[in-house]
């Protein structure tokens with residue numbers, strides 16, 4: 001598994017800048033969780049980077065996400081553990097989440113999108129001054145980022161065995177490390 005080749009595959013399938021930034025956010029979160037759970041940061045990061053690569057072409061279960069992507073990954077020789085993780089991140093796939101990597105991917109996927117949305121409505125438009133309490137408050141507002149499934153964020157933390165507030169703070173910290181790539185530095189100077 002090679003990050004550059006994975007990035008090229010991602011950008012072959014995905015042109016939407018928001019989806020590319022989402023992939024980078026989940027990559028950062030999974031790299032951070034690899035350290036916490038004894039995984040390989042490069043492998044976990046690649047899983048985060050590629051997990052939704054087929055979403056732009058196949059944006060629903062009916063259209064084939066993530067099943068068509070899993071087929072393409074197998075054809076390109078990606079390892080079984082990666083393909084299974086990609087499949088398991090979709091609740092409807094029927095593929096159980098069993099490993100720490102699979103659980104971390106599910107736990108970080110929706111949360112990264114929600115954190116991005118929460119950062120972008122701040123006056124600074126930055127993840128650098130975003131706190132977990134602010135994200136929790138936004139989670140209660142059903143009109144805010146309504147496409148993000150709050151129940152998946154909560155379930156993800158439970159499956160991963162981490163406190164929800166700690167999980168949110170951990171992922172925010174991981175995303176801060178790539179704030180520039182995510183376009184989430186905002187008005188906060190370097």
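Laboratory data are not the source of any read-out in this text; all were calculated from the coordinates shown. Since this is a predicted model, take the numbers as computed values, not measurements. Virtual Cβ from ideal backbone geometry, glycine too; neighbours counted across all protein chains shown.
Quick notes on this structure:
- The stretch 79-140: C-alpha gyration tensor shape, a/c 1.5 cut-off, then a/b vs b/c: prolate
- Springs between Cα atoms under 10 Å define the GNM used for the chain, and in it the highest mean-square fluctuation of 111, 24, 128 occurs at 128.
- Every helix of 4 or more DSSP H residues in the chain counts as -39500 (n - 2.57), and over all residues that averages to -19000 deg cm²/dmol at 222 nm.
- Max mean-square fluctuation residue, GNM over the chain, Cα-Cα springs under 10 Å, options 84, 142, 125: 142
- Viscosity 0.890 mPa s, temperature 25 °C, Stokes-Einstein D of the stretch 1-102 from Kirkwood C-alpha radius, µm²/s: 183 µm²/s
- Relative to the dominant Cα principal axis of the chain, helix 164-176 is inclined by about 80°.
- Look at the alpha carbon pairs under 8 Å that are at least 6 residues apart: their mean separation over the length of the chain gives a relative contact order of 22 percent.
- Each of 7, 44 was scored by other Cβ atoms within 10 Å of its Cβ. Listed from fewest to most, they are 7, 44.
- The long axis of helix 100-120 is offset from the longest Cα principal axis of the chain by roughly 40 degrees.
- Sequence of 93, 60 once ranked by neighbouring C-beta atoms within 10 Å, starting from the fewest: 60, 93
- Were the residues from residue 16 through residue 4 laid out at 0.36 nm apart, the gain over their Cα-Cα distance would be 2.5 nm.
- Likely footprinting exposure, 131, 12, fewest C-beta neighbours within 10 Å first: 12, 131
- Values of log10 I(q)/I(0), in the order q = 0.24, 0.26, 0.27 Å⁻¹, for the stretch 1-45 under a Debye, Cα-only, solvent-free model: -0.83, -0.91, -0.94
- Rg of the Cα atoms in the stretch 3-182, relative to 2.2 N^0.38 Å, amounts to 0.96.
- Kirkwood-based Rg to Rh ratio, the stretch 121-190, C-alpha trace: 0.98
- Coordinate range along principal axes, alpha carbons of the stretch 47-103, Å, largest first: 28, 24, 17
- The alpha carbon centroids of the stretch 92-165 and the stretch 11-62 are separated by 15 Å.
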